[in-house]
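Colleague: Below: one structure in structure tokens.
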Amino acid sequence: MRLFVAILPDAQVQKALLDVVDNLKRQGVSANYTRQNNLHLTLAFLGESDRPDGALRAMERAASTPFSLELSGFGRFGELFWVGAKKDPGLLSLAERLRTALEAEGFSVEKGAFRPHITVARRAVWQEPLRIKVAPAAMTVRHISLMCSLREKGRLVYEEVGAVALRPEAKQK
């Protein structure tokens, strides 16, 4: 199965993200838009693996205290549009601890800089310039999710395999 570790947005953050999608559509952007149930912020991509138990162990070891996730800005990587997240110290620390814990479990993880973002559209075609404003939205991250990427009837579907709670008393490991 194709696995990744993610933060799933709450209703307020989802609404702000869907407003961006609506804005892109109103401006005539043709794209493969991320469906509401697939919106997420990837902390670590694991790829094909039959070891969800090892990923969950690593997530437990990396667990931290809850922190704030706040949307911040809009951008693109080529034909992929995203909404950014502020580089909160709690988010950055969790991502780094998670990478270390996953490597200790034998997973290969990306070595590049962590750029927190939520993809809202892929394979976008548009006319410049776009005028995109991201509404202020924030949430408290209280858990992280191990997700599996599947194809159902030709559609990409992300399904939660397991979750790990972030605890106020979590010890940094």
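Colleague: What's the center-to-center distance, using Cα atoms, between the range 1-37 and the range 72-119 in Å?
Modeller: 17 Å
Colleague: When a/c reaches 1.5 or more, the comparison of a/b and b/c decides; with that in mind, is the range 1-105 rounded, prolate or oblate per its Cα gyration tensor?
Modeller: Prolate, since a/c reaches 1.5 and a/b exceeds b/c.
Colleague: Work out from phi, with θ = phi - 60° and the Karplus expression 6.51 cos²θ - 1.76 cosθ + 1.60, the ³J(HN,Hα) of each residue of the range 107-120, listed in order in whole Hz, and give x for Gly and Pro.
Modeller: 8, 8, 10, 4, 9, x, 5, 7, 10, x, 7, 10, 6, 10
Colleague: At 1.4 Å probe radius, can you tell me the per residue accessible area of the range 59-173 in Å²?
Modeller: Averaged over the residues of the range 59-173, the accessible area is 57 Å².
Colleague: Please report the relative contact order for the chain, taking Cα pairs under 8 Å with a sequence separation of at least 6, and give it as a percent rounded to a whole number.
Modeller: The value is 36 percent.
Colleague: Okay, moving on. Give the calculated FRET efficiency between Glu70 and Gln36 to the nearest 0.05, with a Förster radius of 35 Å applied to their Cβ-Cβ distance.
Modeller: Plugging the Cβ-Cβ distance into 1/(1 + (r/R0)^6) gives 0.95.
Colleague: Note down the nm distance, to one decimal, between modelled labels 7 Å out along Cα→Cβ at Leu92 and at Glu79.
Modeller: The two pseudo-label positions are separated by 3.4 nm.
Colleague: Report in % the part of the accessible area of the chain that belongs to carbon and sulfur, leaving out ligands and nucleic acids; probe 1.4 Å.
Modeller: Heavy-atom surface of the chain belonging to carbon and sulfur, 1.4 Å probe: 50 percent.
Colleague: Given just the C-alpha atoms of the range 34-173, how large is their convex hull per residue in cubic angstrom?
Modeller: Expressed per residue, the convex hull around the Cα atoms of the range 34-173 is 124 Å³.
Colleague: I've got another one for you. Let me know the charge dipole size of the chain about its Cα centre in debye, to the nearest 20, where only the beta-carbon of Lys, Arg (+1) and Asp, Glu (-1) is charged.
Modeller: 340 debye
Colleague: Something else: What is the local net charge at Met1, summed over the other residues whose Cβ is closer than 15 Å to its Cβ (Lys, Arg +1; Asp, Glu -1)?
Modeller: Charge balance near Met1 sits at -3.
Colleague: Related question: Find which of Tyr158, His117, Ala44 sits farthest along the positive direction of the dipole of the chain, computed with +1 on the beta-carbon of Lys and Arg, -1 on that of Asp and Glu, about the Cα centre.
Modeller: Checked the options; the winner is His117.
Colleague: Output the peptides 20-33, 138-151 sorted from most to least packed, where packing is the average of other Cβ atoms within 10 Å over each peptide's residues.
Modeller: Output ranking for 20-33, 138-151: 138-151, 20-33.
Colleague: Go through Leu146, Ala6, Val134 and say which Cα lies farthest out towards the positive end of the charge dipole of the chain; charges sit on Cβ, +1 for Lys and Arg, -1 for Asp and Glu.
Modeller: So the residue furthest toward the plus end is Val134.
Colleague: Could I ask something else about it? If you place +1 on the Cβ of every Lys and Arg and -1 on the Cβ of every Asp and Glu, how big does the dipole about the Cα centre of the range 65-127 come out, in debye to the nearest 20?
Modeller: About 220 debye.
Colleague: Something else: In the chain, which whole DSSP H runs stretch at least 18 Å along their own axis (Cα) and average 1.6 or higher on the Kyte-Doolittle scale?
Modeller: none
Colleague: In addition: Step by step: find N for the range 119-173, compute 2.2 N^0.38 Å, then divide the Cα radius of gyration by it. What's the final number?
Modeller: Compactness ratio reported: 1.74.
The values are calculated or read from the model by the stated rules, or taken from the named source; none is laboratory data. Nothing here was measured: the structure is a model prediction, and the numbers come from that model. No Cβ is skipped: glycine too gets one built from the backbone with ideal geometry, and neighbour counts run over all protein chains shown. Just the protein is used for accessible areas: all its heavy atoms, side chains included, with ligands, DNA and RNA removed. Shrake-Rupley method; radii C 1.70, N 1.55, O 1.52, S 1.80 Å.
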